[in-house]
1. Any residue in the stretch 7-30 that is part of a loop (DSSP other than H, G, I, E, B), modelled with pLDDT of 95 or more and surrounded by 11 or more Cβ atoms within 10 Å (Cβ to Cβ)?
2. Within the stretch 33-45, can you find the residues that are closer than 12 Å to residue 8 by Cα and in contact (Cβ under 8 Å) with a residue 24 or more places away in the chain?
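The values are calculated or read from the model by the stated rules, or taken from the named source; none is laboratory data. As the structure is a computational prediction, the values presented were derived from the model and not from experiment. Positions of Cβ are generated from backbone atoms using ideal geometry, with glycine treated the same way; all protein chains shown enter the neighbour counts.
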Ligand SMILES: [Zn+2]
């Protein structure tokens, strides 16, 4: 069976030098929040980052 995969854009932190906001793509696979492209995930790949947690708070039907 093919898994459904899609992405959400979550707002990150503001760059102190440029003042620009950063955005991260959070990946959802079959209603499970599975990954985020931010640095925190590269350091701690087995714990959800704040973007994944925030998406989970907004969209309660998704698991994390
Ligand atoms: Zn993240």
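1. yes
2. Selection gives 33, 36.
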